[in-house]
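The block underneath contains the structure these notes are about, expressed in structure tokens.
The values are calculated or read from the model by the stated rules, or taken from the named source; none is laboratory data. What you see is a predicted model; the values in this text were computed from it and never measured. Heads up, the Cβs are rebuilt from the backbone with ideal geometry, glycines too, and the neighbour counts pull from every protein chain shown.
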Amino acid sequence: MLGSDLVRYLSAKFRVTPIHKENYHTHLGSPFDIVINANGNSKRFWANSHPVEDFIASTESVYKSIFDFKYGLYVYISSSDVYEDHSSPHHTKEDALIAPDRLTPYGMHKYFSELLIQKYVKHYLIFRSSMILGKNLKKGPFYDIARGTPLYITKDSRLQLITSREIANILQFFLSKGIYGQVYNIGGRGSFSFHDISTYFQIPVTYSGSSEKQEYEMSVAKILKLYPLKTSEEYLREFLHGL
């Protein structure tokens, strides 16, 4: 979802080459000004029950891409799951100490990818993203609501949100400023509470018997010094109005 949306938005100002499984080998060794890696597995639950496959999809693929292309800047879209406690801004500042052995396989593999980039890439940007809402959304609670299927999170869950369009805007801003060699959390200010979900959908919202409480809210204080993020609720409204 994110990759296709970034191609769509960034193509308005840049010459963009989409690279995917079908054409990856035809571009080996190709030179680019910027490589944006929005690849990797995005399914947390699948990753945690298939750790070997997730490592191949989310870490091995990053390792290869570092050396498979030539570029001036490498941008990696990581995840808020690199933090053990991702429920509070207090525990999710970019300089927080991360213990890989205390992460889920999904979060650990994203963090390993970050370390590989920081070791081997001279000019990089790493964005740890909250839940992303985009045109081709195919998973998550908002996708489930649209399909009329039960949610696997509880009503007291809180999620930090951002749109794929805003990520494209952030990328363009950082490129214009020539900023690199940094890690930034990106997500809406605050989180969206599912207690308010009926306000946004006219169809009934149901919950699975195996629903789990989820709480995600990273600190965005670092990026707010540079870029004016909206609230998670505002990003949800934009998504529901068709981006």
Query raised in the report: Pick from TYR9, TYR63, TYR71: which is of a type outside the set (Val, Ile, Thr), buried (at least 18 other Cβ atoms within 10 Å of the Cβ) and in contact with a Ser or Thr (Cβ under 8 Å, 6 or more places away or on another chain)?
Result: TYR9
Report summary line: Within the range 14-27, residues being surrounded by 10 or more Cβ atoms within 10 Å (Cβ to Cβ) and either closer than 23 Å to SER176 by Cα or touching a Phe, Trp or Tyr at 6+ places or on another chain (Cβ under 9 Å) (or both) number 6
Query raised in the report: If you check ASN136, ASN169, which single one turns out to be modelled with pLDDT under 95 and closer than 18 Å to LEU2 by Cβ?
Result: ASN136
Requested in this report: Looking only at the range 28-50, count how many residues are surrounded by fewer than 15 Cβ atoms within 10 Å (Cβ to Cβ) and at pLDDT 95 or above.
Outcome: 5
Requested in this report: Would you check if TYR9 is farther than 22 Å from MET131 by Cα, assigned to a helix (DSSP H, G or I), touching a helix residue (DSSP H, G or I) at 6+ places or on another chain (Cβ under 7 Å) and touching a residue at least 40 places away in the same chain (Cβ under 8 Å)?
Outcome: no
Requested in this report: Answer yes or no: is there a residue in the range 173-194 that is more than 15 Å from the chain's Cα centre (by Cα) and under 20 Å from ARG147 (Cβ atoms).
Outcome: yes
Query raised in the report: If you scan the range 195-209, which residues turn out to be of a type in the set (Val, Ile, Thr) and under 24 Å from the mean Cα position of the chain (by Cα)?
Result: ILE197
Query raised in the report: Would you pick out the residues in the range 63-77 that are without any contact (Cβ under 8 Å) to a residue 60 or more places away in the chain and either aliphatic (A, V, I, L, M) or part of a strand (DSSP E or B) (or both)?
Result: ILE66, LYS70, TYR71, GLY72, TYR74, TYR76
**Report entry** Of all residues making up the range 87-128, the number that are in a strand (DSSP E or B) and either under 21 Å from GLN160 (Cβ atoms) or of a type in the set (Asp, Glu) (or both)
**Finding:** 4
